[in-house]
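Asks: The structure follows.
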Amino acid sequence: MLRKLMTGCAAFILITAAGVASAEEMVLNVYNWSDYIAEDTIADFEERTGIKVNYDVFDSNEVLEAKLLAGNSGYDVVVPAASFLERQIMAGGFARLDRSRLGNWGNLDATILERVAAHDPGNEHAVPYMWGTTGFGYNVGKVEAIMSDAPTGSWRMLFDPDVVAELADCGVTLLDAPTEVFANLMGYLGRDPNSESPEDVELFEEHLSKIRPHIRYFHSSQNINDLANGEICVAMGWSGDMLIARDRAVEAGQGVEIAYTIPEEGAVIWFDNLAIPSDAPHPENAHLFLDYMMEAEVAAAISNYVFYANANGASLPYVDDEVKSDPSIYPSDAVKENLFADLADSPAFTRLLTRAWTRVKTGQ
Amino acid sequence: MRWRTFAIAVPYLWLLLFFLAPFAIVLKIALSEAMLARPPYAPLFEWGPDGSLAVRASLQNFLFLLRDDLYWKAYLNSARIALISTAFCLILGYPVAYGIARSSPTARTVLLMLVILPFWTSFLLRVYAWIGILKNNGPINNMLLAIGIIDEPITMMQTDFAVYVGIVYAYLPFMILPLFARLVRIDHTLLEAAADLGCRPLRAFLTVTLPLSLPGIVAGSLLVFIPAVGEFVIPALLGGPDTLMIGRVLWDEFFANRDWPVASAVAIAALFLLVIPITVFQRLRADQEGA
C-alpha cells in the first residue's frame, strides 16, 4: 500500500515538473470589476485557447491596490483605473507589455492612448479597456414631481444646497470616492479639479458640509439597485452603473425612469486599463488574453453588454447603434472637451483629503 | 511526564503561531515608514553590504494617533456600540439560554440546533437579508403602512439602529451558547431547597441562579463585545455614513490613505486599549474563583 502511494506521489511530482518545464500551465487568473465584461467573453477565450480562466471580481480600486501592493496576488490580469495605475507603476507593480505579442494593438483609439499616457508614459504597462464619466443618475418622474424646474443638466442637482435640500426626502447620495467628488466639486466651483492646495480642501469641506445634512449615504455600488427600485432619487455615479440602473428599472417594470447626466460644468473622465502584475504567474497567457480583448468584435460585444465606451477605435462598426448614439456613453466632442482626468495625488494630499472626507461624513 | 509537557506545549505553540507571529508582523509594520513600493512601507531592518544591520524604527505612527482626536472618538464610539449591543444580547440571550437549559433533553438538542442553524448560511448573506427587511419599501415599513400606523416609511437603514440590529442578530448565538453551557450545569436541587425553605422564585433566581451563571454571562459578553468592537462589515452595510467605528478608520488608513504603518498602529492601539485590559480582567477573575 505504502509503496503504491509512493510510486503515485513520484509520478505526480514528475508530471508536474515536466509541465512546468515545457510551457506555462494552461491557466489564467483574471481580476476585474464586477459587471464589467460580456457574458460569453471568457467562455469564448477558453474555447479558443484551451486556457482555463479563473475569473474574480472586485468593486473598488482600493481593494485591488491593497492586493497588488502586498505582492503575490496570484493574478495575471487586473483592471485598475488610470490614476491608480499611475501610482502602482511607480511602486513597481506592473510588468512591461511585450508589444510583439499584441498584434491587435493598432485597434486602440489613438486619442485615448494619448490621454492614458499621462498616467502610463509611453503606454508601456497598460491596455486601455473602457472609459466613462462620473456624473449623476436621477429618477426622472420623482424629481419632476418634487421640483418641476430642477436643473437636471447641472451639478446644482448635487452641489447647490437649496436644490439638494428640496430633493433630500426622496434620497440623494454621493459616491464614497473622495478624489472624484473633490474633482467634480472643484470643477463646479470653477477651480482646478486636480488642485492639491490645502485651501481647496478646506473649501471642499466647507461646501460639502452645507449639503451633508441632505445626503442619504456615501456608497459606490449600492446606488445601482437603489436608483432602479426608486429607493433614491439622485446619485452621483459612474456612467455605466447609472445606465445599468436605467436598464434594471425598465426590466422591473415599476414605472421608474432613470436618466444619466454629464453635467454642463464638466465632469471627471476616467479610464480603466488591463495590466499584468509584475509577479504574474502566467504572463504569456496574460498577453494572449490582452490581445484577445483588443479584438474589435470582442471589445464591441463588451460595450454592448456593459454600456461603457471602450478604448478600441476599430470596434465602433460592431457597437450597437443604441449604445453608440447614446450621448451618455459616447458623448459629443463638445461635451468631451469639458471632461477632466483625475490624476494621482501625493500621499500628503491624500491624507488631507481622506481626513476632510471623514469629517464631512461623520461630523468628526 | 513527557506527554504532559507536550499537552501544554500545544496551546502555547498555537498561540505563538496564530497570535504572536502575526502580531509581531503588524508591530513591525507599525514601526516603519510608509513609502511607494511593494509592500508599501520601508523595511525595518536592512543588511548593509558589509554585513552590518541597520534598524530604522520609529514611534511616529503611534504619536500621530494622539495628534488627531478622530482616533480617540472612533475607539470610544466602537466601545459604546459594542457595549450596548452586548447588553441587548444579554437581555435577549439569557431567557433563551435559560429556556433551553430547562427544557427536556430531546427538545434541548432541537433548540440548540435552531440556535446554530443560521451559521449554515453565509454571514454576509444574512446581513444582506437585513437590508431587505429594514429598507424603506421593505416588509416592515410596508406592513406598518398597510395597517395605517405610519403615513410614510420610517428610515431604518443607514442608521445606528440598523447597526445594533445587525450586531445583536449576528452575535446572539455567541451569548446564548456559553450561557446555556453554564445554566445547564446548575444543580436543580439547589432551587428546590430554596423553595422548600420558603424562598420566592424571583429571589431564588437572584440569589442562586444568577450568581452561579455569572461565569457564563462574562464569557458570553466577552465573546460578543470583543468582535463587535472591531466589527467592520455590519456598520459598512447597515450603518449610516456617520457611524464612526474603529474598523472604518482602519479601512480608511489602509485602503484610502494607503498608509499601512498608521493602519497597523491603529490596530495595535485597539488591542492594547480594549482587548488586553479585558483579557487581564478575565484572567484575574478566573484566578480569584480558582483560589
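Asks: Can you tell me which residue in segment B:225-245 is farthest from the other protein chains (Cβ to nearest Cβ), limited to those that are in a helix (DSSP H, G or I) and under 19 Å from A:Val360 (Cβ atoms)? Before you say what the answer is, go through the steps one by one.
Replies: Let us first name the residues in segment B:225-245 that are in a helix (DSSP H, G or I), namely B:225-229, B:233-238.
Then drop every residue that is not under 19 Å from A:Val360 (Cβ atoms), which leaves B:235-236.
On the way: B:Pro235: 11, B:Ala236: 9 Å.
Looking at residues that are in a helix (DSSP H, G or I) and under 19 Å from A:Val360 (Cβ atoms), I get B:Pro235.
Asks: Taking segment A:56-92 as the region of interest, how many residues are under 17 Å from A:Pro283 (Cα atoms) and facing chain B (nearest Cβ under 9 Å)?
Replies: 3
Asks: Let me confirm something: among A:Val181, A:Val164, which residue is assigned to a helix (DSSP H, G or I), within 14 Å of chain B (Cβ to nearest Cβ) and either within 20 Å of A:Ala356 (Cβ to Cβ) or modelled with pLDDT under 95 (or both)?
Replies: On the way: A:Val164 fails: within 14 Å of chain B (Cβ to nearest Cβ).
The match here is A:Val181.
Asks: Of all residues in segment A:231-266, which are part of a strand (DSSP E or B) and in contact with a helix residue (DSSP H, G or I) (Cβ under 7 Å, 6 or more places away or on another chain)?
Replies: Going through segment A:231-266, the residues part of a strand (DSSP E or B) turn out to be A:234-238, A:258-261.
Scanning segment A:231-266 gives A:Val234, A:Ala235, A:Met236, A:Gly237, A:Ile258, A:Ala259, A:Tyr260.
Asks: Could you please let me know if A:Asp44 is more than 14 Å from every other protein chain (Cβ to nearest Cβ) and not in a helix (DSSP H, G or I)? Talk me through it step by step, then tell me what you get.
Replies: On the way: more than 14 Å from every other protein chain (Cβ to nearest Cβ): yes; not in a helix (DSSP H, G or I): no.
When the stated conditions are applied, A:Asp44 does not pass them.
Asks: Moving to a separate point now. Residues that are within 19 Å of B:Tyr71 (Cβ to Cβ), more than 14 Å from every other protein chain (Cβ to nearest Cβ) and in a helix (DSSP H, G or I): does segment B:198-219 have at least one?
Replies: Kept after step one, since they are within 19 Å of B:Tyr71 (Cβ to Cβ), are these residues of segment B:198-219: none.
No, the conditions are met nowhere in segment B:198-219.
Asks: What is the number of the single condition among (1) closer than 30 Å to B:Thr209 by Cβ; (2) β-branched (Val, Ile, Thr); (3) surrounded by 11 or more Cβ atoms within 10 Å (Cβ to Cβ) that B:Ile131 does not meet?
Replies: Evaluating B:Ile131 over (1) closer than 30 Å to B:Thr209 by Cβ; (2) β-branched (Val, Ile, Thr); (3) surrounded by 11 or more Cβ atoms within 10 Å (Cβ to Cβ) leaves (1) as the failure.
Asks: Also, quick follow-up: Restrict the check to segment B:264-283 and report whether at least one residue is within 14 Å of chain A (Cβ to nearest Cβ), modelled with pLDDT under 90 and in a helix (DSSP H, G or I).
Replies: No, because not a single residue in segment B:264-283 is within 14 Å of chain A (Cβ to nearest Cβ), modelled with pLDDT under 90 and in a helix (DSSP H, G or I).
Asks: To continue, here is another question. Could you identify the single residue in A:Ala309, A:Ala356 that is in contact (Cβ under 8 Å) with a residue 12 or more places away in the chain, assigned by TED's automatic domain parsing to the domain that holds A:His219 and not hydroxyl-bearing (Ser, Thr, Tyr)? Talk me through it step by step, then tell me what you get.
Replies: Numbers: A:Ala309 fails: assigned by TED's automatic domain parsing to the domain that holds A:His219.
Matching residue, one of A:Ala309, A:Ala356: A:Ala356.
Asks: Can you find a residue that is touching a helix residue (DSSP H, G or I) at 6+ places or on another chain (Cβ under 8 Å), assigned to a loop (DSSP other than H, G, I, E, B), more than 15 Å from A:Phe159 (Cα to Cα) and modelled with pLDDT under 95 anywhere in segment A:217-225? Lay out the reasoning, then the answer.
Replies: Step one: of segment A:217-225, the residues touching a helix residue (DSSP H, G or I) at 6+ places or on another chain (Cβ under 8 Å) are A:218, A:221, A:223-225.
After this cut, where a residue has to be assigned to a loop (DSSP other than H, G, I, E, B) as well, the list is A:221.
Pick out the ones that are also more than 15 Å from A:Phe159 (Cα to Cα) and you get A:221.
If we keep only those that are modelled with pLDDT under 95 too, we end up with A:221.
Among the residues of segment A:217-225, at least one is touching a helix residue (DSSP H, G or I) at 6+ places or on another chain (Cβ under 8 Å), assigned to a loop (DSSP other than H, G, I, E, B), more than 15 Å from A:Phe159 (Cα to Cα) and modelled with pLDDT under 95, which makes the answer yes.
Asks: Only one of A:Leu174, A:Leu203, A:Leu185 is without any contact (Cβ under 8 Å) to a residue 40 or more places away in the chain and under 21 Å from the mean Cα position of the chain (by Cα). Can you tell me which? Before you say what the answer is, go through the steps one by one.
Replies: Values: A:Leu174 fails: without any contact (Cβ under 8 Å) to a residue 40 or more places away in the chain; A:Leu203 fails: under 21 Å from the mean Cα position of the chain (by Cα).
Exactly one residue qualifies, and that residue is A:Leu185.
Asks: (1) modelled with pLDDT under 95; (2) more than 13 Å from chain B (Cβ to nearest Cβ); (3) part of a helix (DSSP H, G or I): which one isn't true of A:His119, the others all being true?
Replies: (3)
Asks: Would you be able to tell me the number of residues in segment B:246-263 that are in a loop (DSSP other than H, G, I, E, B) and either more than 8 Å from every other protein chain (Cβ to nearest Cβ) or out of contact with any Ser or Thr (no Cβ under 6 Å at 6 or more places or on another chain) (or both)? Write out each step before concluding.
Replies: We begin by selecting, within segment B:246-263, every residue in a loop (DSSP other than H, G, I, E, B); these are B:257-259.
Within this subset, residues satisfying the condition of being either more than 8 Å from every other protein chain (Cβ to nearest Cβ) or out of contact with any Ser or Thr (no Cβ under 6 Å at 6 or more places or on another chain) (or both) are B:258-259.
Counting residues in segment B:246-263 that are in a loop (DSSP other than H, G, I, E, B) and either more than 8 Å from every other protein chain (Cβ to nearest Cβ) or out of contact with any Ser or Thr (no Cβ under 6 Å at 6 or more places or on another chain) (or both) gives 2.
Asks: Next up: Here is a list: B:Leu36, B:Leu27, B:Leu76, B:Leu65. Which entry is modelled with pLDDT under 90 and hydrophobic (A, V, I, L, M, F, W, C)?
Replies: On the way: B:Leu27 fails: modelled with pLDDT under 90; B:Leu76 fails: modelled with pLDDT under 90; B:Leu65 fails: modelled with pLDDT under 90.
It is B:Leu36.
Asks: Taking the criterion of being surrounded by fewer than 21 Cβ atoms within 10 Å (Cβ to Cβ), among the hydrophobic types (A, V, I, L, M, F, W, C) and assigned by TED's automatic domain parsing to the domain that holds A:Glu46, would at least one residue in segment A:278-288 satisfy it?
Replies: yes
Asks: Kindly indicate which of A:Ala150, A:Ala177, A:Ala183, A:Ala168 is of a type in the set (Gly, Ala, Ser), surrounded by fewer than 19 Cβ atoms within 10 Å (Cβ to Cβ) and on the phi < 0 side of the Ramachandran plot. So that I can check it myself, show each step before the final result.
Replies: Working: A:Ala150 fails: surrounded by fewer than 19 Cβ atoms within 10 Å (Cβ to Cβ); A:Ala177 fails: surrounded by fewer than 19 Cβ atoms within 10 Å (Cβ to Cβ); A:Ala183 fails: surrounded by fewer than 19 Cβ atoms within 10 Å (Cβ to Cβ).
On inspection, the qualifying residue turns out to be A:Ala168.
The values are calculated or read from the model by the stated rules, or taken from the named source; none is laboratory data. Small disclaimer: the values here were computed from a predicted structure and weren't measured. Cβ coordinates were reconstructed from backbone atoms using ideal geometry, including for glycine residues, and neighbour counts include every protein chain displayed.
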